[in-house]
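K.L.:
Here it is, the structure, as structure tokens.
The values are calculated or read from the model by the stated rules, or taken from the named source; none is laboratory data. All values derive from a computational prediction rather than experimental measurement. As a convention, Cβ positions derive from the backbone with ideal geometry for all residues, glycine included, and neighbour counts pool all protein chains shown. Remember, those area values only see protein heavy atoms, side chains included, never the ligands or the DNA or RNA. Shrake-Rupley method; radii C 1.70, N 1.55, O 1.52, S 1.80 Å.
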Amino acid sequence: VKWWCEWAWLGGPEAAGDVLLTADAGRWTAVDVGVTRPPDAEPLAGLVLPGLANTHSHAFHRGLRGRTQAGQGDFWTWRRDMYALADRLDPDSYRDLATAVYAEMTLAGFTAVGEFHYLHHDTGGRPYGDSNEMGRAPVEAAAAAGLRVALLDTCYLRGGFDSAELDPVQRRFSDGSADAWAERAASLADTVPAGDDVHVGAAIHSVRAVAPAELGVVAAWAKERGAPLHVHVSEQPAENEACRAATGRTPSLLLDDHGALGPSTTAVHATHLTDDDLSAIQASGTGVCLCPTTERDLADGIGPSAALAARSVPISLGTDSHAVIDGFEEARAVELDERLATGERGRHPPDALLAAATSGGAAALGWPEWGLVAGAPADAISVDMDSIRMAGFAPERAAAHVVFAASAADVLDVVVAGRPVVSEGRHLLVDDAATALRRILAELDDR
Ligand SMILES: [Zn+2]
């Protein structure tokens, strides 16, 4: 299959002109610049970019949009609303909701998602007949919506440092022990359809939810399988304080003590870090996933993105709670939040922000090759150059214009594994995703 682009971003500040992309068996086999369009090449209108990678998602949180933003309180009061929603989902509604949410993601230009999944069992904490019925739901949803998924099967065993007991609503998150988690996660990993569009990785919900003695079990599971390991880290100062009081260590250092940091690990949020935490993250090769639109919605704080970049820590991005699903907004927020926090501009070059939104996220989800380059998965998206927001575009400043001004609504075409999934802003696999989403959200509101 051949695609021809008037403009394509291949890295750096500028766009290249007249770019021919050739794909075979789901991968790019050639990327040629300055080529006249051959008659057998499909045109991709607009500015073509690599697929966006959504490194951190809880698909079901989409059910909170517009319902929790107006409330008062803090992260912990928001969490009560989130738990109430978690209590209303079963495998069918989880799959239907995730399918519509992933359709919204593909329409926004995401071609891969990392689903941080911890709704394992029924609301009483009993396994469904197939103990991975809930885990299969997002995998099936991603296939239906046409995007790649890394299902990050999450270990979640206790209510907090001072409570081995689970809150009733947390019971469905728990397998009882890390060994039982490992066994169930292995059976999921061994039975998902093989291929380059589904990965099964591991996650530690947080140092709150998994006791120190059990952190190493999850880390070893991921290491043995060469799978990504993700973990919520230091999103809230209260987590740091509780961790220090219980263990004498910060969350990052505790994870390091138990072998849970490393090049395959992604620390999600990493908002409130000490210098020692930053050093441990850097020395171990751990990456960090920032989720700025969620972190601002939940009043978490502004993460140390400039310090991470200065230490060459790999950065990725996620829409997390899906208060909005817009990869460009996520990318520019990293730089713009840094400006608000420091009074200085220009810590993150636009091309570095685009790399975080694309190849940085893909690497964190187990796709180390990514982008418009021979050998990488044949994913691409195009941004409408006729959109009012892109008026005044010049190829020499393409990265800056698209990062600081484009919106999810400007995404025209999405190609995944050489196959068109979105064309001219219309989803080709999910018919009328907005209506589907409206219906499932109304049903959940009524439950
Ligand atoms: Zn999260």
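K.L.:
State all residues of the range 40-74 that are hydrophobic (A, V, I, L, M, F, W, C) and more than 12 Å from Ser321 (Cα to Cα); if no residue qualifies, say none.
P.N.:
Ala41, Leu44, Ala45, Leu47, Val48, Leu49, Leu52, Ala53, Ala70 - these are the residues of the range 40-74 that are hydrophobic (A, V, I, L, M, F, W, C) and more than 12 Å from Ser321 (Cα to Cα).
K.L.:
Go through Phe110, Phe60, Phe116, Phe75 for me and flag whichever is within 27 Å of Leu44 (Cα to Cα), touching a residue at least 40 places away in the same chain (Cβ under 8 Å) and not basic (Lys, Arg).
P.N.:
That would be Phe110, the only listed residue that is within 27 Å of Leu44 (Cα to Cα), touching a residue at least 40 places away in the same chain (Cβ under 8 Å) and not basic (Lys, Arg).
K.L.:
Go through Ser252, Ser316, Ser321 for me and flag whichever is crowded, with 20+ Cβ neighbours inside 10 Å, of a type in the set (Gly, Ala, Ser), over 27 Å from Met105 (Cα atoms) and touching a Ser or Thr at 6+ places or on another chain (Cβ under 7 Å).
P.N.:
Ser252
K.L.:
Another question, if that's okay. Can you name the number of the only condition in (1) part of a strand (DSSP E or B); (2) under 21 Å from the mean Cα position of the chain (by Cα) that Pro43 fails?
P.N.:
Only one criterion in (1) part of a strand (DSSP E or B); (2) under 21 Å from the mean Cα position of the chain (by Cα) is unmet by Pro43, namely (2).
K.L.:
Give me a count of the residues in the range 283-306 that are more than 16 Å from the ligand (Cβ to nearest atom) and either crowded, with 16+ Cβ neighbours inside 10 Å or under 27 Å from Gly73 (Cα atoms) (or both).
P.N.:
Selection size over the range 283-306: 6.
K.L.:
So, one more: Among the residues that make up the range 58-69, is at least one of them among the aliphatic types (A, V, I, L, M), at pLDDT below 95 and open to solvent by 10 Å² or more (accessible area, probe 1.4 Å)?
P.N.:
yes
K.L.:
Still on this structure, I have one more. Go over the candidates Ala41, Ala45, Ala25 one by one and state the one that is surrounded by fewer than 19 Cβ atoms within 10 Å (Cβ to Cβ), aliphatic (A, V, I, L, M) and within 16 Å of Gly375 (Cβ to Cβ).
P.N.:
The conditions single out Ala25.
K.L.:
Which residue, of Ala380, Ala333, Ala376, Ala417, is modelled with pLDDT of 95 or more and either farther than 21 Å from Val1 by Cβ or not hydrophobic (A, V, I, L, M, F, W, C) (or both)?
P.N.:
Among Ala380, Ala333, Ala376, Ala417, only Ala333 is modelled with pLDDT of 95 or more and either farther than 21 Å from Val1 by Cβ or not hydrophobic (A, V, I, L, M, F, W, C) (or both).
K.L.:
Something else about it: Hand me the list of helices (runs of 4 or more DSSP H) wholly inside the range 360-447 holding 2 or more residues that are acidic (Asp, Glu) and open to solvent by 60 Å² or more (accessible area, probe 1.4 Å).
P.N.:
Result: 433-446.
K.L.:
Is it true that some residue in the range 328-335 is within 23 Å of Leu151 (Cα to Cα), open to solvent by 10 Å² or more (accessible area, probe 1.4 Å) and either in contact with a Phe, Trp or Tyr (Cβ under 6 Å, 6 or more places away or on another chain) or not hydrophobic (A, V, I, L, M, F, W, C) (or both)?
P.N.:
Looking through the range 328-335, none of the residues is within 23 Å of Leu151 (Cα to Cα), open to solvent by 10 Å² or more (accessible area, probe 1.4 Å) and either in contact with a Phe, Trp or Tyr (Cβ under 6 Å, 6 or more places away or on another chain) or not hydrophobic (A, V, I, L, M, F, W, C) (or both).
K.L.:
Given the conditions (1) within 13 Å of the chain's Cα centre (by Cα); (2) open to solvent by 10 Å² or more (accessible area, probe 1.4 Å), which single one is not true for Arg95?
P.N.:
The one condition Arg95 does not meet is (1).
K.L.:
Residues in the range 337-355: is at least one under 30 Å from Ala380 (Cα atoms), within 16 Å of the ligand (Cβ to nearest atom) and out of contact with any Pro (no Cβ under 7 Å at 6 or more places or on another chain)?
P.N.:
Scanning the range 337-355 turns up no residue that is under 30 Å from Ala380 (Cα atoms), within 16 Å of the ligand (Cβ to nearest atom) and out of contact with any Pro (no Cβ under 7 Å at 6 or more places or on another chain).
K.L.:
With respect to Gly195, is the statement that it is within 16 Å of the ligand (Cβ to nearest atom), out of contact with any Asp or Glu (no Cβ under 6 Å at 6 or more places or on another chain), within 25 Å of Arg148 (Cα to Cα) and among the small types (Gly, Ala, Ser) true?
P.N.:
The answer is no for Gly195.
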